[in-house]
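In what follows, a single structure is set out as structure tokens and then discussed.
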Amino acid sequence: MYDGDELIAEYDKASAGTMLNRYVLGISEDDPLVKYQGSSAVTRAHQRVSSVGY
């Protein structure tokens, strides 16, 4: 799923539209900061390392 030209979510079409991943975007174009796996906000994967190491 896109918001304009930014990817914000991915769904599995084969299993009735189950959410696979969601993205929290940064301020610049094509700048995902965090990826949440699945439909909950529990499984988080940072897309890059910040200045404090996570």
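Kindly state which strands (runs of 3 or more DSSP E) lie completely within the chain and contain at least 2 residues that are modelled with pLDDT of 80 or more. Walk me through it before giving the result.
Details: elements: 9-12, 18-25, 32-37, 44-46.
Hits in the chain: 9-12, 18-25, 32-37.
Taken together, the residues in region 1-25 that are under 13 Å from Q37 (Cβ atoms) and either in contact with a Lys or Arg (Cβ under 6 Å, 6 or more places away or on another chain) or of a type outside the set (S, T, Y) (or both) amount to 9.
The values are calculated or read from the model by the stated rules, or taken from the named source; none is laboratory data. Please read these numbers as outputs of a predicted model, since none were measured by experiment. Neighbour counts run over all protein chains shown; Cβ positions are idealised from the backbone, glycine included.
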